1. Looking only at segment 167-192, which residues are open to solvent by 20 Å² or more (accessible area, probe 1.4 Å), under 24 Å from L48 (Cβ atoms) and among the hydrophobic types (A, V, I, L, M, F, W, C)?
2. Mind checking which pairs have a first residue in segment 17-34 that is over 13 Å from A145 (Cβ atoms) and at pLDDT below 95 and a second that is crowded, with 17+ Cβ neighbours inside 10 Å and among the β-branched types (V, I, T), Cβ under 8 Å, 6 or more apart or different chains?
3. From F16, F5, F34, F82, which residue is open to solvent by less than 30 Å² (accessible area, probe 1.4 Å) and either of a type in the set (F, W, Y) or at positive phi (or both)?
4. Restricting the search to segment 141-169, which residues are under 23 Å from D202 (Cβ atoms) and outside any helix (DSSP H, G or I)?
5. Where residues in segment 428-460 are at pLDDT 80 or above and of a type in the set (G, A, S), which of them is surrounded by the fewest Cβ atoms within 10 Å (Cβ to Cβ)?
6. Check off (1) part of a helix (DSSP H, G or I); (2) open to solvent by less than 60 Å² (accessible area, probe 1.4 Å) for E22 and give me the number that stays unchecked.
7. Condition first: farther than 15 Å from L406 by Cβ and aliphatic (A, V, I, L, M). Now tell me which residues in segment 329-344 satisfy that.
8. So which residues in segment 95-115 are closer than 14 Å to F159 by Cα and either of a type in the set (V, I, T) or open to solvent by 10 Å² or more (accessible area, probe 1.4 Å) (or both), if there are any at all?
Amino acid sequence: PARYFDTETTEPISFFLSGLEELLSWQPNSDDEFNVSAVPLAKRQPPLHSKRPRTLVCHDMRGGYLEDRFIQGSATRNPYVFYHWRYIDIFVYFSHHTVTIPPVCWTNAAHRNGVPVLGTFITEWTDGEKLCEAFLAGGEEAYGAVSQQLARIAQHYCFDGWLVNIENTLSAAAVGNLPPFLRRLTAEVHGAVPGGLVIWYDSVLQNGVLRWQNELSEENRVFFEACDGLFTNYNWKEEHLERTCRLAGPRLIDVYVGVDVFARGDVIGGGFDTDKSLRLIRQHGLSAAIFAPGWVYEHLGAENFLHNENKFWGLLAEYLPTHGICTLPLATSFSLGMGTSRFLDGKEEEVGPWYDLSVQEIQPLYPEHEGRLSTSCCLQDAWCGGSSLRVQGIIPPDKEHVAIRLFSLQMPAPPKLFLTLLYKLEGLHPNELKVALELTTCDSGTCHEGNITSLPEPNSRHHPRFLPAPPPGLGKLLTACNRGSHGWTRRCYELELQDGSLRDLSLLMSRHQPSTKETSFTCLLGEVRVLDAASVAAAPPQVQSLSASQLWWQ
């Protein structure tokens, strides 16, 4: 069927639903199993419901369902990817189709990095008015059927809820049923999807008139109160934020103030000035909704995209509270889910462009310090997948080493850890620099997982002990690296800890000899693992109940 499979290649594709009839007649079937996300939502700290302002990203690119619709990937050169997951709380996939089901590759990538994903339910123009009249003016049975179907769809495809956007005028009967519809939808989604969310877009008012408020107002408050949050329109000024704060009361962080990166209309800042908008939003303690950050790709072009993307998010980093990983094992080869080649065990296996966000790995923090440090993706060389992490910087004359923070960790420290690192130094003679990992911890007394507004400074720095030979349990994991593959160096460490909480994992670049000059370095990271020693000793779970279907022999 054309909905589920590309008519030219027969490959499985992600899809949307158009109109009320398609929504109400939707049933799960065996053809759409490819569209079910296979990656559960990873836990992270702080959790979504903590009391700090959040960041929502709304992806809107050329109508959606582009190369990302190919569930098993495509040979796309220079595709759009998103990888600054550590800085955001919610990802929305937006299109102008009535029911936007997020392409499964986005849900897989976001979930692996701990970010929930919302689809979009939108009605607009004259067709939207008719659609709303049919299901809202029709009374409880009609809007109940729509809310039930939307919740079932989110549950079936394993994404996390809906952005609801009614951008057309409504009759008195339809608008009267809108708050009960939103309450019903929110309750259904909460019941069907653990941690599910329904967010309302600032559009139609309680009298049925379509008029964007650019704030939480008395005219749209009834919809905000019926669901989990409000995403405001983009043409606000500081007075809109002040009024929103007064009206939101204790639900301040459930208001996501819209920022259009394309800067359409009368806005404070977009493009590389998006930080001006964010600064104001954060000064008022509100959450932010960054709309169409694909501006970087669409406006500045695909050629230099990764560089521009790091610049864009680097400028915003000050206003984006980061998230920590709170479960072990942590293992990543930093792959973005795209590349110009495919690598395995440090060897280039296949040359040619590819794009598959479902295999994007856990992404680090991407710290930037102007002129002194940069972290970026290296497509030319990798240990596994399509890319490695390039860390470039300088060790100043007065310092012996620099620590580059890769991950924030927030979890109780196990008694013993194993850590592994695969790296390659570029340009330098290996005797000049030492590459290692550093872990910081803080006392259990000062590390409260719930109190996240101001994380305590770590009070202990640990330099794990180098193991010349890996312990038996790790040996199997590391067999490929034993062959000293293609210029990559392997390091294995152990660290014993007493109580406390893990705080940060950093890359430590040190000089062997003191120097009066600065030392510049470029290091490629191919893989990092942090493992609880107890789990390494345990036998891995066995695969069970394996079945195969949809086979096409060639």
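The values are calculated or read from the model by the stated rules, or taken from the named source; none is laboratory data. Just so we're clear, the structure is a prediction, and the values are computed from it rather than from any experiment. No Cβ is skipped: glycine too gets one built from the backbone with ideal geometry, and neighbour counts run over all protein chains shown. Note: areas computed on protein heavy atoms with side chains; ligands, DNA, RNA excluded. Shrake-Rupley method; radii C 1.70, N 1.55, O 1.52, S 1.80 Å.
1. A187, A192 - these are the residues of segment 167-192 that are open to solvent by 20 Å² or more (accessible area, probe 1.4 Å), under 24 Å from L48 (Cβ atoms) and among the hydrophobic types (A, V, I, L, M, F, W, C).
2. That search, which allows pairs on different chains as well, returns F34/I71; F34/V104.
3. F82
4. Within segment 141-169, F159, D160, G161, W162, L163, V164, N165, I166, E167, N168, T169 qualify.
5. The selected residue is S460.
6. (2)
7. L336, M338, L344
8. V99, T100, I101, V104, T107, N108, R112, V115 - these are the residues of segment 95-115 that are closer than 14 Å to F159 by Cα and either of a type in the set (V, I, T) or open to solvent by 10 Å² or more (accessible area, probe 1.4 Å) (or both).
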